[in-house]
Amino acid sequence: MTRKEFAELLNSIKVPEGCDLETLNQNIFPISQALVEMMPDKLFRYRSCSDMNIEAFENDKVYAVTADMFNDPYDTLLRFDKEIVRQIFVSILSKDVFRAFKESILKGMDFPDIVKQNFSEDYIANVKEFVLSLTTEEDIDNIISSRKEYIANLVDIFFPMLVNYVNKISTTISCFSETIESVTMWSHYANYHKGFVLEYNLRETLSNNIPNVGIFPVIYDDKRYDATPYATWEFLKFLGINIPNTDMISHIKCALYKSCQWEYEKEWRLIDSTIRDSIILENNTSVIIKPTAIYYGTNIPLADKKKLHEIALNKGIKEYDMYIDYASEKYEMLFRESTKL
């Protein structure tokens, strides 16, 4: 199955919130089967020789980070139909919503972190004061009818904040590649060939041995994934309106789409979907997976290679040196069994 075929399959499947276990398994099964068919026996993780990366190798840690840490500003960024969201925004701002909002303020409601991070205390106090000033049904009717356009335009203010907020709490991601031979990958992600690459067999993740963690191929497309239903659900949840999520794997779909400009990376993503209630201050989580081999960059400093070699010996894993065939006409990185230090 190609990545394009996988994208078609993935987008044809929805997992509604609250469905029974049998329905869940029936919906997920075709995705699981496709992943078993597609996944290579080896996947590679490019690393620089930082203290953190060496410590992670020693302790079999695979760090996953939030998407705002990535070098692509479009990575996992929610795309939505602004007009649809505007219409929903206006339609839900009824008298009942205003009354409920007012009751929440009277009960000492605290605004969400996303609001407090983007608006001053004075502004929030003024909003509370304004809502509390709406004492009659006529007051509420007047504000809704007279300011509908302004209310609709609040989408332009709130949605960028919401999108960035969701980016930081919905998933953490670890990146792997199908190839060890990319000159560009070694340059970008292994400190100009001064780093190393770890090889993994990640098929065990397909059997759900790690709770809330799955691995999927990145989908390369010139069009961004349309996440309007998911974004709307997140928006309504932000406003305190709890409705069932029509597709509980939407956040995974969002995390898999990238521009075709990145296709050379042949990327797979290990996605941690553990539910979080707030932004992770450290911007990372980790899972324990033992690598099966290590590859040393052509320009790796001897001191770093010695550190990594000792760890590899203790783990009993294979070691390889990357090298360039100076007589070859191809732009490629080659590897061979590592020479003794």
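Across region 287-307, what is the total count of residues that are farther than 20 Å from E181 by Cβ and among the aliphatic types (A, V, I, L, M)?
So the count comes out to 5.
Evaluate region 5-17: report whether one residue or more is more than 19 Å from W268 (Cα to Cα) and of a type in the set (F, W, Y).
The answer is no, given that none of the residues of region 5-17 is more than 19 Å from W268 (Cα to Cα) and of a type in the set (F, W, Y).
Considering each residue of region 58-70, count those that are open to solvent by less than 20 Å² (accessible area, probe 1.4 Å) and out of contact with any helix residue (DSSP H, G or I) (no Cβ under 6 Å at 6 or more places or on another chain), and give that number.
So the answer is 2.
Could you figure out which of (1) at pLDDT 90 or above; (2) surrounded by 19 or more Cβ atoms within 10 Å (Cβ to Cβ) isn't true of I54?
Among (1) at pLDDT 90 or above; (2) surrounded by 19 or more Cβ atoms within 10 Å (Cβ to Cβ), I54 violates only (2).
Quick check on this structure: which one of E310, E319, E263 is over 30 Å from I88 (Cβ atoms), open to solvent by less than 60 Å² (accessible area, probe 1.4 Å) and not basic (K, R)?
The conditions single out E319.
Quick check, is V85 in a strand (DSSP E or B), buried (at least 16 other Cβ atoms within 10 Å of the Cβ) and of a type in the set (A, V, I, L, M, F, W, C)?
Taking the combined requirement at face value, the residue does not satisfy it.
Those residues that are in a helix (DSSP H, G or I) and open to solvent by less than 50 Å² (accessible area, probe 1.4 Å), I need them from region 31-51; list them, please.
Those that are in a helix (DSSP H, G or I) and open to solvent by less than 50 Å² (accessible area, probe 1.4 Å): I31, S32, A34, L35, M38.
Can you tell me which residue within region 5-23, out of those that are within 22 Å of the chain's Cα centre (by Cα) and free of Cβ contacts under 8 Å to residues at least 60 places away in the same chain, is least open to solvent (accessible area, probe 1.4 Å)?
This residue is L9.
It is to be established whether one or more residues within region 110-120 are at pLDDT 70 or above and in a helix (DSSP H, G or I).
Taking every residue of region 110-120 in turn, none turns out to be at pLDDT 70 or above and in a helix (DSSP H, G or I).
If you scan region 293-340, which residues turn out to be within 23 Å of V65 (Cβ to Cβ) and part of a loop (DSSP other than H, G, I, E, B)?
G297
The values are calculated or read from the model by the stated rules, or taken from the named source; none is laboratory data. Being a predicted model, the structure only gives us computed values, none of them experimental. Because the Cβ atoms are built from the backbone with ideal geometry, glycine has one as well, and the counts that use them run over all protein chains shown. Areas reflect the complete protein model, heavy atoms only, side chains present, ligands, DNA and RNA absent. Shrake-Rupley method; radii C 1.70, N 1.55, O 1.52, S 1.80 Å.
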